[in-house]
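What follows is calculated from the coordinates using simple rules that are stated; it is not laboratory data. What you see is a predicted model; the values in this text were computed from it and never measured. With ideal geometry, Cβ positions are generated from the backbone for all residues, glycine too; neighbour counts draw on all protein chains shown.
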């Protein structure tokens, strides 16, 4: 039952992040394709997409900053990293100032970009999931 509550909470947090980040209007950054692509394209190869385990990309509402997860090769620690779009290219990702010590996940922004939400599993004791998962902004 505790596992069900934890998974339900995680699903709610993830879906809330998706809903909050939809319909944000901003001018298109230079990396946006002006036409539909016929097939998927690797995003920023060698910088963002390195062949490591990168996942959960989240753009700030203006599209100029990208936060995403990097996982260890053993899949036991997630770190949020950040990259900025500058001079027609993405900067080398760096560990976000609030991440790195514990596993962090599922980042999302409010529509106005002034509030960040993330899931901090380190706040939960192993095997003892709370009824409500805290959201920090």
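Using a 10 Å cut-off around each Cβ, can you sort 82, 95 from fewest to most neighbouring Cβ atoms?
Details: 82 19, 95 13.
With the fewest neighbours first, 82, 95 line up as 95, 82.
At 7 Å along Cα-to-Cβ for each site, give me the label-to-label distance between residue 101 and residue 62 in nm.
Taking the two extended label points, one gets 2.9 nm.
Could you give the nm distance between label points at residue 76 and residue 41, where each point is 7 Å from its Cα heading toward the beta carbon?
3.9
Just the number: Rg to Rh for region 50-128, Cα atoms, Kirkwood Rh, two decimals. Can you show the working numbers first?
Numbers: Rg = 13.3 Å, Rh = 13.4 Å.
Ratio value, two decimals: 0.99.
For 37, 120, 69, what ranking results if the residue with the fewest other Cβ atoms within 10 Å of its Cβ goes first?
Values: 37 7, 120 17, 69 20.
Starting with the residue having the fewest Cβ neighbours, the order is 37, 120, 69.
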